[in-house]
Amino acid sequence: MTSHLRTDRLRLGVNIDHVATIRNARGGLHPDPLRAALMAAEAGADGITAHLREDRRHITDADLEALIGSISLPLNLEMAATDEMLGIALQHRPHAACIVPERRAERTTEGGLDAAGQHNSLAPIIARLKDAGIRVSLFIAPEAHQLDAAARLGAPVVELHTGPYSHAVTEAEVAVELERLQRAAAHGAALGLEMHAGHGLTFDNVGPVAAMPQLAELNIGHFLIGEAVFTGLGPAIARMRAAMDASRA
Ligand code: PXP
């Protein structure tokens with residue numbers, strides 16, 4: 001691995017969507033995603049990630065406004081490539097926007113964005129976001145043709161979908177998925193893309209991903225919010241931060 005591809009500081013973006021999921025299960029105001037974001041900052045997060053979905057099943061427009069107005073950490077807005085979401089991003093101007101696929105029926109972001117197949121619809125959205133000074137990333141499967149497409153689209157960042165790795169069961173499956181991620185991280189970095197990764201990461205599986213020298217950022221949510229039930233959010237984030245740093249070292 002050549003040294004210019006190495007990123008020494010691996011940032012942790014904490015996704016707070018599922019604080020809102022718990023709140024919305026009852027309605028009302030508790031637990032408050034903004035409070036979680038402020039706690040995450042204290043616990044060592046480098047950024048806050050929130051996904052404003054078309055159906056607003058977790059984060060709401062009011063949450064987004066509160067986050068933009070109150071947090072000091074950079075906000076990474078996950079969004080579908082729609083006119084509605086583009087308008088919201090341009091209005092609020094988060095630090096970053098991560099374009100994700102979104103189908104109404106899915107429980108979470110199941111597959112990566114088809115950057116290769118959707119070039120013509122993605123290009124104007126990426127251009128508008130970049131013109132507004134928003135750092136654009138594309139959430140894609142760890143496949144060379146998707147990375148090539150992201151580079152052709154002028155996206156400065158891609159986030160590799162770690163879902164298949166996280167959900168792999170046997171040792172052989174884990175090894176296959178890890179190798180796909182490693183190859184993609186190297187390929188993307190060689191294309192000049194800033195490389196991120198996320199989805200389904202836990203204390204147990206984060207190590208080999210955090211060890212990939214090309215990665216600059218991991219975005220982690222569901223596991224941390226779940227773990228917070230047992231240990232508190234701050235300790236869960238601090239432990240993840242420590243696991244990432246230990247792997248990188
Ligand atoms: N990155 C992206 C693009 C996502 O859509 C998600 C899930 O919202 C995550 C990271 C975080 O995944 P998880 O909640 O499984 O940690």
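The values are calculated or read from the model by the stated rules, or taken from the named source; none is laboratory data. All values reported here derive from a predicted model rather than from experimental measurement. Every residue, glycine as well, gets a Cβ built from its backbone with ideal geometry; the counts of neighbours run over all protein chains shown. Quick note on the areas: whole protein, heavy atoms, side chains included, nothing else; ligands and nucleic acids left out. Shrake-Rupley method; radii C 1.70, N 1.55, O 1.52, S 1.80 Å.
Brief remarks follow.
- Extension gain for THR170-LEU191 works out to 4.4 nm (0.36 nm per residue, less the C-alpha to C-alpha distance).
- Using C-alpha pairs below 8 Å separated by at least 6 residues, the relative contact order for segment 124-249 is 21 percent.
- Remark: spin-label model distance PHE230-ARG35 equals 2.3 nm, labels positioned 7 Å along the Cα→Cβ axis.
- Packing-based ranking, highest mean first, of 224-236, 139-151, 21-33 given that Cβ atoms within 10 Å are counted: 139-151, 224-236, 21-33
- The chain: antiparallel DSSP beta bridges as a percent of all, rounded to 5: 0
- Think of a 1.4 Å ball rolled over the protein heavy atoms: the chain then has 45 Å² of accessible area per residue.
- Net charge of Cβ neighbours under 11 Å - reference GLU78; Lys, Arg +1; Asp, Glu -1: -2
- Taken over the Cα atoms of the chain, the convex hull encloses 124 Å³ per residue.
- Segment 36-191, accessible surface, carbon-and-sulfur percent (1.4 angstrom probe): 51
- Over the chain, relative contact order from alpha-carbon pairs under 8 Å, at least 6 apart, %: 21
- Diffusion coefficient of segment 64-207 by Stokes-Einstein, Kirkwood radius over Cα pairs, 37 °C, 0.692 mPa s: 208 µm²/s.
- Gained length - ALA144 relative to ARG248, 0.36 nm times residue gap less alpha-carbon distance: 35.0 nm
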